[in-house]
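Chemist: Got a structure for you, written out below as structure tokens; questions coming shortly.
Just so you know, all these numbers are worked out from the coordinates, no wet-lab data involved. Predicted model, so just to flag it, every value in this text is computed and none were measured. All Cβ positions, glycine included, derive from the backbone under ideal geometry; neighbour counts span all protein chains shown.
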Amino acid sequence: MHLYNLTLSPPSAATVAVAGQFSGTRKQEIVVCRGGCKLELLRPDTTVSGKAHAIFEQHTFGVVRSLASFRLTGGSKDYLIVGSDSGRITIAELDVKANAFVVVHQETFGRSGSRRIVPGQYIATDPKGRAAMIGAMEKSKLVYILNRDAAANLTISSPLEAHKPNAIIHALVGLDVGYENPTFAALEVDYEEADRDSTGEAAEATQKLLTYYELDLGLNHVVRRWSSPVEKTANHLVQVPGGYNQNTERWEGPGGVLVCSEDYITYKHSVGEEHRVPMPRRLNPLDDNGASSSSSAPRRGNIVVSSVCHRMKNAFFFLLQNEDGDLFKLTIDHQDEDVRALKIKYFDTVPLASSLVILRAGFLFVAAEFGGSALYSFQKLGDDDEVPTYSSADLPELGMTEVKVEPPTFTPRPLDNLLLTDDLPALDPILDAKVLNLLGGDTPQIFTLCGRGPRSTFKMLQHGLEVQEAVSSDLPGIPNAIWTTKLSEQDEYDSYIVLSFVNGTLVLSIGETIEEVSDSGFLTSAPTLAVQQLGASALLQVHPKGIRHIMADRRVVEWAAPPMPDGEQTSIVAAATNSRQVVVALAPTNEIVYFEQDLDGQLNEYQERKSMGAPIVALSIGDVPQGRQRTPYLAVGCEDQTVRIVSLDPESTLSPISIQALTAPPHSICIAEMQDVTVDRNHPTLFVNIGLKNGVLLRTVLDPISGQLTDTRTRFLGAKPVRLVRIKLQGGAPAVLALSSRPWLNYAHQARTHFTPLCFDALDHAWTFSAEMCPDGLIGIVGGSLRIFTVPTLGTKLKADSVALSYTPRRMVAHPDGSGLFYIAEADHRTLSPSEKEKRIASLTREPKVGERGVLDLDPVEFGPLRAEAGNWASCIRVVDAKARETTHVVELEGNEAAFNVALVPFANSIDPTTGQPEIFLIVSSARAATVTPRSHAQAFLTTYRLVAGSNGRTLELLHKTEVDDVALALRPFQGRLLAGVGKALRIYDLGKKKLLRKVENRNFPTAIVALDTQGPTRIVVGDAQESTFFVSYKAGMTTGVAAGDPAGQQPRLVIFADDTVPRWISGASAMLMLDYDTVIAGDKFGNVFVNRVPSQASHDVDEDPTGLTVLHEKPFLQGAPTKCELLAHFHVGDVVTSLQRAALSPGGREAVVYTCLGGTVGVLVPFASREDVEMLSTLEMHMRTTSPSSSSSGPSATAPGSASCSLVGRDHLAYRGSYVPVKACVDGDLCETFGLLAHQRQAGIAEGLEGERTPADVNKKLEALRIGSAF
Amino acid sequence: MLTKADTLRLLLLFSPLLSMSDSAELKYTSNQQLEHLHARYVGTIHPDITKHEWLVHQHRDTAASIVGHPMLHSFIALAEGESKARVAAGLKEKMMMPCGPRPEMGE
């Protein structure tokens, strides 16, 4: 077995983000690291819309741990420094032309991998861009000096060590010292003493130190300049502007750092006084000790999770975010170098960020830790409002008292200073997913549980682009075609809508309302074949009897279809037009007539007509290229299953150039020019799209010089003949709409062509629609109704429809009857449930008054949940109707009980009398007062709910509750009973009157059972939390035969007959799937996917043995089961796999394993169909690994040593994909697909090296075929 | 068959003898080199390591690895119901003394 890994939807989790002028213009861009492995460049539109546009996304094939940007003094372009797991520092710059980051410098300093003493975790830069420090979690810090050589190229020095042995580094930041020696500040703890001391006193006495490391530029040496103890809880450092500005002759700021610790912000510097302000905390009446008994533990302080400094011309301020998502504005009053006061005030509340970025144009980008990132615009800076400001100057000893000041309280309020301008869609974290076809289309949908806490959602993902419908209105009849047209070339918007019916034409004018026009000059008594705005201000209508040329002054010139020599009238059957050329096809003579507009605006017929020899069904010409008189090629589709390219060049008008045979008669042709880097990097490519009668679309490339058709790609679109329309999208970008049983859109995005269905009704015909109210719209007809719609976001492949949830979803199960009902277990740790909240309020000495309720009445979606100590849970069971997108029933759990898993079990001993089928019950596993580390709980339950009969399962009713000894993390139905992994025990339960009844048990699992899958009457696969997969056989026990006499033989049992030799930490209940009777695929917590198989002999033997006693008494091998699984495939996805499922995602496609990951990745593992494919793709992958995508482009990257790697961060691809276990039998499709982005020469070089001497087009075609063969 | 630990112990046993031979200097430097390497590559174990020391190394490596792998970090944060920053701060704090103070030594 060989697998091919493809990402369908890239990870969305923003792990770190930085801003900079990477393009070298004044415009600021944001680089976001997605899922810890992909870099995405966002270019926010700061002038009009306030939307952040994604420009490109680049896979680094490594783990990106930190990012920083810097600019050399006097430069205008920012460089990006990437800290990764490659053991190298990477300095990259943006190649605007190639739309990618390219390596400028890559210096190796240590081993690869995210290790504790290999730098990469922290990067700090000098604000003047003179040096950068890269630090590890422990000990190692390296300083690189950055400079410019004579040719103004960036240079990097050899590393200078600033190591401190036995020190754990908590934070690292560059100080702003102006033009003095670059200095870095680190927050360090030395553990040497603590390690030696056995009493624990030394550990107690160890201080956390803030240490300055100064780079002496003269001596080329790093010295430890200053060290000072800080609070023990300090976790974050913020750079404070400083340095003397010679131009303005004043100090930019006091310099130094802000040390953020629990609840307090301290200003520190090697000179001057220290200041400390408390960080206000949310007013929570339940926090006040005494009243509530359960919250007797001291309140935990709040830490700063992210921060950003914004510098304006004469001032600067900081925004600090705490764990609740509250932003605080911190300002520093200073006199030259001396700090006068540190002032803090509440600013606004935004989602919890992994990074905050402020753009000069007045925008705040919040790279959310989980869920969608957002862009906000500053409405004001919170200067003149009533929110109190707390200043260190008002505190005794500037706040530096031994006993700290109690933090003041505040009540969060809705956004006041910020305004949300863009909400970037994100899927992360995906906690569970099911692939099902509930909508009855030709492809299934992916149902996912996304998000965290109150912002969680249940999402239905459909392959397709989202469509927003603006207008839908009924028409008097059923039209067969629609056009819109302007009146003259200069018009901004369309004026007419032309509808063609079987026996007539209707012309509507677009204005305030849409109404019929009678004096348009169009012939309304016949159907229309084509409408075109011709030349400067003329209109053209092609109808079966002729061509009508309507001049600007409403003069009409008519050209009538000529009679044949025998007097029979010919008629026009097909037409193709552009703004200067008109081609029509006549029947039954099968002739082509060609017209061209001359300089006077007259249409002139070419003197000859050309017979094609077969009935013509379709014609197409491209738009007139910029600065040209005409387009030189005409595509003609004939009934004899051919498409011919005919010249329109004056030298050789209507002479045939090339011919392409088809597999079915064509239905429609469309020539369109689109940018696709995989075909041509610099120019748009002319594509001939051919829609066949059998629903297949062919896309060929038309060679602009020779007119030959090359590189044919085929794709099955649907059951109906394919009708093609050339349209214009946002900004006039050309696109092709292919209409079959679903509408598909072929468009260019980020310089690659995409082919995606629209999530919309099956359109019969469509056209571009541009009006004042809807400038970039489309208009279409569906049966007898007219639709105006837009496609708002391009580039996405999945359309998501959401249902809001209350808490972090854990697991879901779909009703087996396909009714679209999902049962979801939701639970949030460290959160007060509504019932617990009421209980605590009731236990207060007095009911809090309206002004004192603080956080009690906040909307959790906006402000986050009500936090509590560990062991407090808010949880519920929810029934969601996915088709209606609504919640039908919620069961809130009380008493700190948290639901972890759900299963629908048809119990064989409870037959539904109405249907005669086993009745289905919902089993919920839960625990009370559970904590995650260490794994503990007060009580654990298996709760049985009956699906209320009258509601078809839309509501639940509690049947009974069974207490169990551990949390049942894995549940599933098995042979009319419940199979449950309860802690270390695998059990089978049957339904009883008052409880679930334990029937069979096996307690021999090492850690905890987290996943279960079964096939057939006996085969069970168990996934352990740490020890990989176990193959188990269920033996019901003999009641007849030889063994029946033996009491041991009568006993039913679960027999482990095979296990694994490698510890693999299975990540969850959905992350394991049986591929066949002997094979299982599973994902682990470290981002790997692996396939295990039991040897067929062992599998056979265990099934032959009726009692299981043979296996039971067999000699254990390697302290485990007698047989070991073989590893068939192993691959490091790079993201924690949360669910695995088999499905065919494309119409008529092959089945593949669909996986979803925590970071929002959706991908597939496609099994290769043939040996040749495996060999070809493996060879291609091998070549791609050693090919740097940037090495071909000339420029600074050519100087980078050792950059012959596909990875931007310099990680060896094979080592990355084999981070934990060497990659086995799996080809990385994501890497192979970057083939198309290489320069053409390199593509040709690699293609030649493949077996069978292929061309780049062959390779690209193969890659596309592999993708669309089972996915999209 | 001698294990690595045995070889080292033997070498140490014979070190007085070695010191009288020509290779005395060599021995001394190689030992120093070993120490130097241990100081340089933190986390490398040696034959005389105690169970506690080994565990401390394991825990520190694990904590650093969790913080260094963004998605694993998210996974822990989700399970714990904490922010990623709090998880990272907690792990770094724990790296100081992950397994409690070291036990009293017999010698």
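Chemist: With the cut-off at 19 Å, tell me which of the pairs A:K38/B:K92; A:K839/A:K995; A:K232/A:K268 have Cα atoms farther apart than that. Kindly include the intermediate steps, with their values, before the conclusion.
Modeler: Numbers: A:K38/B:K92 26 Å; A:K839/A:K995 29 Å; A:K232/A:K268 15 Å.
Listed pairs above 19 Å: A:K38/B:K92; A:K839/A:K995.
Chemist: Sticking with this structure for a sec: I need the trypsin sites (Lys or Arg not before Pro) found in the range A:781-815, filtered to DSSP loop residues with at most 15 other beta carbons within 10 Å of theirs.
Modeler: none
Chemist: Cα centroid distance between the range A:1141-1163 and the range A:402-436, in Å?
Modeler: First find each Cα centre; the distance between them is then 31 Å.
Chemist: Take the alpha carbon atoms of the range A:756-777, find their center, do the same for the range A:577-625, and report the distance between the two centers in whole angstrom.
Modeler: Using only Cα atoms to place each centre, the spacing works out to 28 Å.
Chemist: To continue, here is another question. At A:F1117 and B:T44, where each label point lies 7 Å from the Cα along Cα→Cβ, what is the point-to-point distance in nanometres?
Modeler: Placing both labels 7 Å along Cα→Cβ, they lie 3.7 nm apart.
Chemist: Where Rh denotes the Kirkwood radius from the mean inverse Cα pair distance, what is Rg over Rh for the range B:51-96?
Modeler: Numbers: Rg = 10.9 Å, Rh = 10.7 Å.
On the Cα set of the range B:51-96, Rg over Rh gives 1.01.
Chemist: Given 10 °C and 1.306 mPa s, how large is the Stokes-Einstein diffusion coefficient of the range A:1-159 in µm²/s, with Rh as the Kirkwood radius over Cα pairs?
Modeler: Here the translational diffusion coefficient equals 97 µm²/s.
Chemist: Here's another thing I want to ask about it. If you keep only loop residues by DSSP, which trypsin sites (Lys or Arg not before Pro) in the range A:605-665 have at most 12 other Cβ atoms within 10 Å of their Cβ?
Modeler: On the way: sites: A:R609, A:K610, A:R628, A:R630, A:R644; in loops: A:R609, A:R628, A:R630.
When the trypsin sites (Lys or Arg not before Pro) of the range A:605-665 are filtered for loop state and at most 12 Cβ neighbours within 10 Å, A:R628 remain.
Chemist: Here's another thing I want to ask about it. Using a Cα-Cα cut-off of under 16 Å, which lysines could be cross-linked to A:K883, ignoring same-chain neighbours fewer than 8 residues away?
Modeler: Candidates past the 8-residue exclusion: A:K434, A:K459, A:K799.
Chemist: Rg/Rh for the range A:42-106: what does it come to with C-alpha atoms and Rh from Kirkwood?
Modeler: On the way: Rg = 13.5 Å, Rh = 13.4 Å.
A ratio of 1.01.
Chemist: Under a point spin-label approximation (7 Å from Cα along Cα-to-Cβ), what is the A:T914-A:K995 distance to one decimal in nm?
Modeler: Once both label points are built, they end up 3.2 nm from each other.
Chemist: Give me A:M312, B:M97, B:M71 sorted ascending by neighbouring Cβ count inside 10 Å, so fewest comes first. Mind dumping the intermediate values first?
Modeler: Details: A:M312 9, B:M97 22, B:M71 27.
Going from least to most buried by this count: A:M312, B:M97, B:M71.
Chemist: Continuing with the same structure: Over the Cα atoms of the range A:871-927, what radius of gyration and what Dmax do you get, in Å?
Modeler: Expressed in Å, the Cα Rg and Dmax of the range A:871-927 come to 14.5, 44.
Chemist: Express the Stokes-Einstein translational diffusion coefficient of the range A:568-719 in µm² s⁻¹, to the nearest whole number, given a Kirkwood radius over alpha-carbon pairs, 20 °C and a viscosity of 1.002 mPa s.
Modeler: Details: Rh = 15.8 Å.
The estimated diffusion coefficient comes to 135 µm²/s.
Chemist: A further question on this structure: Could you give the dipole magnitude of the protein assembly as shown about its Cα centre, charging the beta-carbon of Lys and Arg +1 and that of Asp and Glu -1, in debye to the nearest 20?
Modeler: Values: 130 positive and 159 negative charges, 344 e Å.
Roughly 1660 debye for the protein assembly as shown.
Chemist: Can you give the helix-only mean residue ellipticity at 222 nm for the protein assembly as shown, where every DSSP H stretch with n ≥ 4 adds -39500 (n - 2.57) and the sum goes over all residues, rounded to the nearest 500 deg cm²/dmol? Walk me through the numbers before you get to the answer.
Modeler: Numbers: 18 runs with 165 residues, N = 1379.
Result for the protein assembly as shown: -3500 deg cm²/dmol, rounded to the nearest 500.
Chemist: Considering only A:T700, A:P918, B:G81, whose Cα is most displaced toward the positive end of the charge dipole of the protein assembly as shown, charges sitting on Cβ of Lys, Arg (+1) and Asp, Glu (-1)?
Modeler: Of the candidates, A:P918 comes out farthest on the positive side.
Chemist: Put a dot 7 Å past each Cα toward the Cβ at A:V387 and A:V403; how far apart are the dots in nm?
Modeler: For A:V403 paired with A:V387, the spin-label model returns 3.1 nm.
Chemist: Still on this structure, please answer the following. To the nearest 20 Debye, how big is the dipole of the range B:51-96 about its Cα centre, given +1 on the beta carbon of each Lys and Arg and -1 on that of each Asp and Glu? Before the final figure, lay out the partial values.
Modeler: Details: 6 positive and 5 negative charges, 11 e Å.
Charge dipole of the range B:51-96: 60 debye, to the nearest 20.
Chemist: A further question on this structure: Charges on Cβ only, +1 for Lys and Arg, -1 for Asp and Glu, centred on the Cα centroid of the range A:1134-1183; of A:H1183, A:A1169, A:Y1155, which one is farthest towards the dipole's positive end?
Modeler: Of the options given, the answer is A:Y1155.
Chemist: Other chains near A:181-194: what is the mean number of their Cβ atoms within 10 Å of each residue's Cβ?
Modeler: Numbers: counts 0, 0, 0, 0, 0, 0, 1, 0, 5, 1, 6, 0, 0, 4.
Going residue by residue through A:181-194 and averaging, the value is 1.
Chemist: Using a ≥ b ≥ c from the Cα gyration tensor of the range A:643-742 (square roots of the eigenvalues), is it rounded, prolate or oblate, where a/c under 1.5 gives rounded and otherwise the larger of a/b and b/c decides, a/b for prolate?
Modeler: Working: a/c = 1.75, a/b = 1.18, b/c = 1.48.
Verdict is oblate for the range A:643-742.
Chemist: For the range A:1051-1108 and the range A:1006-1035, what is the centre-to-centre distance using only Cα atoms, to the nearest Å?
Modeler: About 6 Å separates the Cα centre of the range A:1051-1108 from the one of the range A:1006-1035.
Chemist: Something else now. Lys/Arg Cβ at +1, Asp/Glu Cβ at -1, dipole of chain A taken about the Cα centre: which of A:L1075, A:V1094, A:L286 is farthest positive-ward?
Modeler: Comparing the listed Cα positions along the dipole, A:V1094 ranks first.
Chemist: Let me ask something additional. Expressed as a rounded percentage, what relative contact order does chain A have, with Cα pairs under 8 Å and six or more residues apart? Walk me through the intermediate numbers first.
Modeler: On the way: 3460 pairs, mean separation 114.8, N = 1272.
For chain A, the relative contact order is 9 percent.
Chemist: Order of A:H815, A:H275 from fewest to most other C-beta atoms within 10 Å?
Modeler: Details: A:H815 20, A:H275 28.
Going from sparsest to densest Cβ surroundings: A:H815, A:H275.
Chemist: Here is a follow-up. Zone of A:S819 (label point 7 Å along Cα→Cβ, backbone N under 14 Å): which residues in the range A:859-888?
Modeler: Under cut-off, by backbone N: A:879-884, A:888.
Chemist: Which order results if A:M279, A:M1182 are arranged by neighbouring Cβ count within 10 Å, fewest first? Please report the intermediate quantities before stating the final value.
Modeler: On the way: A:M279 24, A:M1182 15.
By the 10 Å Cβ count, ascending, the order reads A:M1182, A:M279.
Chemist: How many times 2.2 N^0.38 Å is the alpha carbon radius of gyration of the protein assembly as shown?
Modeler: Numbers: Rg = 35.2 Å, N = 1379, 2.2 N^0.38 = 34.3 Å.
Normalised by 2.2 N^0.38 Å, the Cα Rg of the protein assembly as shown equals 1.03.
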